[in-house]
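Working notes, structure below.
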Amino acid sequence: MAESLNEIDYLTAKSILQRELSEHNLIKNGQLTCPELVRDKGETRIEFPAPGLNRSSLYECLLIIKNHIEYFRIHSIDSNFLTLQALNNNLFDTQNITKNIKFRFLFYSGSTKVEISKQSNYLESEILAILELFQYVFREDQKSEINPKEILNRLGIEVFDPLEAEIKGKIIDFDHIFGYESVKNEILETIVMPLKNPDIFNQVTNLTRKFPTNNRPRAILFEGEPGVGKTTMAKAVACLCKIPLVYVPIESIMSKYYGESAKNLSMIFDCAQLFPEALIFLDEIDSLAGKREDGMFEATKTMLSVLLRKLDGFGGKPGSITLGATNRKQDLDSALLSRFDKSIYFPLPNLEEVSAILSGYAIHLNDSERNQISALLPEYSGRKIKDFCDYVERKWATGLIEKSLPPSPPPLKLYLDVAEKEKNGF
Ligand SMILES: Nc1ncnc2c1ncn2[C@@H]1O[C@H](COP(=O)(O)OP(=O)(O)OP(=O)(O)O)[C@@H](O)[C@H]1O
Ligand SMILES: [Mg+2]
C-alpha cells in the first residue's frame, strides 16, 4: 500500500522523463536522440543507447540502481547481456516478481544499450534510478566520443583548430591584426590571461573572497562594424590559448535549419562541451535580435531561450569561454546581453590605424607614402582596406601581364589614383 503512494502514472512519468532527459542531447552518428517512455502491450519501457558503457562501468550502474531500489536479483546473465529484476519488499513474497522493474544491459557489437521495462506504473524511486542511470551513461558516452570536431563538421559547423593551423603554418596571432593596440590589451587581460593561467586567477580570488568563487569571464562580446577584425581576433585568441574555436554562424543556422534551429544550436553546444577546452564563437548574434516583447517569431524565441540556457552551462566549464560578435549591440535582447561579462568595442580604424593596416598589405611603401593613401580612405574598415589593396594589386598584375613585364609591386601613384576614384564614388 505504501508503495502505491509513490506510484507515478504513465503520462506523468513520461513527461518527467521527457523534461529531464531532453536537457541532454544524445549525439549518435550526428543525429540527436532523446529517449522516450513508451507503453506497449501493458509494458512500460524506455531504452537508450550506451556506446560508452563497458563492463567496469557496469558496476557503477549496479551501484546507482542499488541506491534507489533496495532488492534485486540477476535474472539472466550472458557474455552479451545482463538482466536485473527488482524483488518485492518482502523477500519471501515471490508472487508476481516478473512484473517488477527490469534493467537489461546489452553489449552486442555496435548496439550497446540499456533497456528498462515494467509491467505496471513506475515508482518514484524507479524514475530516479532511471534518471541517474541515464545521466551516468550519458557522461560515459561523452567520454567515449573521440572526436567532437568530426561531429561538428558533420553538422556543418567549422572548428578552427590552432594545432592544425600550426602544422599548416597558418597560425593567426596579434601580429596579424595591425593597429588596435588597446583592443589587443583588453583582450589579453580579459580573455587570454585567464584562459592561460586559471590557477593564478583562482589563487588571487581565494585570497580576497569570503566565499571563493570564479572570477574568470564566461562570455565576452565583440562589438563593431562589419570587417573590423572581430572574427580574425577570435581566431587569434584561439591560437594564443591553443584552444579550438567552434564557429557558430547564428544567421545561417537560423535560415538553414528552420524549425530545427534550436535543437541544432543545443547540439552544437553539447558537442563543444566534449572538447576538454573550447571557445564558442557566436557570429552575427544580432540575428536573434528583436526584443522579446517585439513579437518575435516562435522559432527565434525558442532559439534564444536555448541559447540563454546553454550559455549558462557552457560558461561554467573551466577553460571554456563564449565569444559573441555583433554589429548591432543596441538590438540585442537584454537577457542575452546580460550573459556577457564584458563588451569589447572594435572601432573603425583612425588615420594612424589605416596606415598601420596598410603596413601589413603594402609592405613595399614607406610610412609617409602609406599616410598619403590613408588620408584618402576615411571610415574604411580593415576588410575594405584589404579589398582595396587586393584590387590595386590585381589591376597592377594585369598591366604587367599585358605588357609582358617582370613582377614588381604596385607604385604609390596607382594606390592614390584608385583611392581617389573610390572616394569620388567610381
Ligand atoms: N586590423 C586589421 N589588420 C589586418 N587585417 C584586418 C584588420 N581588420 C580586418 N582585417 C582583415 O579584414 C578581413 C575581415 O576581417 P574579419 O572577418 O575578422 O572582420 P569581422 O569584424 O569579423 O567582420 P564581420 O562583422 O563582417 O563578420 C580579414 O581578412 C582580416 O584579415
Ligand atoms: Mg566576422
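Yes or no, residue by residue, for (1) basic (Lys, Arg); (2) modelled with pLDDT of 90 or more; (3) under 30 Å from Leu265 (Cβ atoms):
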{"position": "Ser4", "(1), (2), (3)": "no, no, no"}
{"position": "His24", "(1), (2), (3)": "no, no, yes"}
{"position": "Glu43", "(1), (2), (3)": "no, yes, no"}
{"position": "Lys66", "(1), (2), (3)": "yes, yes, no"}
{"position": "Glu70", "(1), (2), (3)": "no, no, no"}
{"position": "Leu82", "(1), (2), (3)": "no, yes, no"}
{"position": "Asn88", "(1), (2), (3)": "no, no, no"}
- Message: Anything in the stretch 226-275 that is more than 17 Å from Asn153 (Cβ to Cβ), in contact (Cβ under 8 Å) with a residue 24 or more places away in the chain and polar (S, T, N, Q)? List them, or say none.
- Response: Thr231, Thr232, Ser261, Ser266
- Restricting to the stretch 305-335, what's the tally of residues that are more than 16 Å from ligand 1 (Cβ to nearest atom), more than 15 Å from the chain's Cα centre (by Cα) and buried (at least 23 other Cβ atoms within 10 Å of the Cβ)? 1
- In the stretch 347-358, the residues that are surrounded by fewer than 16 Cβ atoms within 10 Å (Cβ to Cβ) and either basic (Lys, Arg) or part of a helix (DSSP H, G or I) (or both): Leu351, Glu352
- Item | Candidates Asp161, Asp173, Asp199 - the one that is on the phi < 0 side of the Ramachandran plot and in contact with a strand residue (DSSP E or B) (Cβ under 9 Å, 6 or more places away or on another chain) | Asp161
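Conditions (1) within 16 Å of ligand 1 (Cβ to nearest atom); (2) part of a helix (DSSP H, G or I), marked per residue:
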{"position": "Lys210", "(1), (2)": "no, no"}
{"position": "Asn214", "(1), (2)": "no, no"}
{"position": "Pro226", "(1), (2)": "yes, no"}
{"position": "Thr232", "(1), (2)": "yes, yes"}
{"position": "Val237", "(1), (2)": "yes, yes"}
{"position": "Val246", "(1), (2)": "yes, no"}
- Could you identify the single residue in Leu358, Leu348, Leu365 that is more than 16 Å from ligand 2 (Cβ to nearest atom), closer than 25 Å to Leu188 by Cα and at pLDDT 95 or above? Leu358
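The values are calculated or read from the model by the stated rules, or taken from the named source; none is laboratory data. If you're wondering where the values come from, they're calculated on a predicted model, not measured in any experiment. Cβ coordinates were reconstructed from backbone atoms using ideal geometry, including for glycine residues, and neighbour counts include every protein chain displayed.
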